[in-house]
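The values are calculated or read from the model by the stated rules, or taken from the named source; none is laboratory data. Model, not experiment: these values are computed from the prediction. Note that each Cβ is placed from the backbone with ideal geometry, even for glycine, and that neighbours are counted across all protein chains shown. Note: areas computed on protein heavy atoms with side chains; ligands, DNA, RNA excluded. Shrake-Rupley method; radii C 1.70, N 1.55, O 1.52, S 1.80 Å.
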Amino acid sequence: MFDSTDYPQALDESLFQSWLQEGRHMKISYNYLLIIWNVVEEVYQPAYIQERSELNEYEQYPHNKGQEALVAAFDLYSESRVVLS
């Protein structure tokens, strides 16, 4: 997943699936999984949010002086990709 010139490494499908499962089983009821690309470490990282309205904060990425970028968002339960504006 996400193998492109912007993100030189592909995201392993099994890692992605484990992030979905992890998000579903957390005590806090998260609804969305965000995929974040860390430019410095050159790795994908998960982030979880409860409400779709919280995406607005993440769409303003890159945060941390350009160190991280929002790649995609997914509904944890339907596993469908959320369209970012």
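The table below lists the values:
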quantity: The chain - mean residue ellipticity at 222 nm from DSSP helices (-39,500 (n - 2.57) per run, n ≥ 4, rounded to 500); calculated: -5500 deg cm²/dmol
quantity: Per residue, the convex hull volume that the Cα atoms of the chain enclose (Å³); calculated: 99 Å³
quantity: Using θ = phi - 60° and Karplus 6.51 cos²θ - 1.76 cosθ + 1.60, couplings along region 22-38 (whole Hz; Gly, Pro as x); calculated: 4, x, 5, 9, 6, 5, 6, 7, 7, 10, 9, 10, 9, 9, 10, 9, 8
quantity: ³J(HN,Hα), Karplus 6.51/-1.76/1.60, whole Hz, each residue of region 77-84, x for Gly, Pro; calculated: 9, 8, 6, 7, 6, 8, 6, 8
quantity: Accessible surface of the chain, 1.4 Å probe, proportion on carbon and sulfur as whole %; calculated: 46 percent
quantity: Net lengthening on full extension, E42/H25 (0.36 nm per residue, minus Cα-Cα); calculated: 3.4 nm
quantity: Label-point separation, N56 to Y77 (7 Å along Cα→Cβ), nm; calculated: 2.4 nm
quantity: Mean Cα-pair separation over length for the chain, i.e. relative contact order, pairs under 8 Å, 6 or more apart, %; calculated: 26 percent
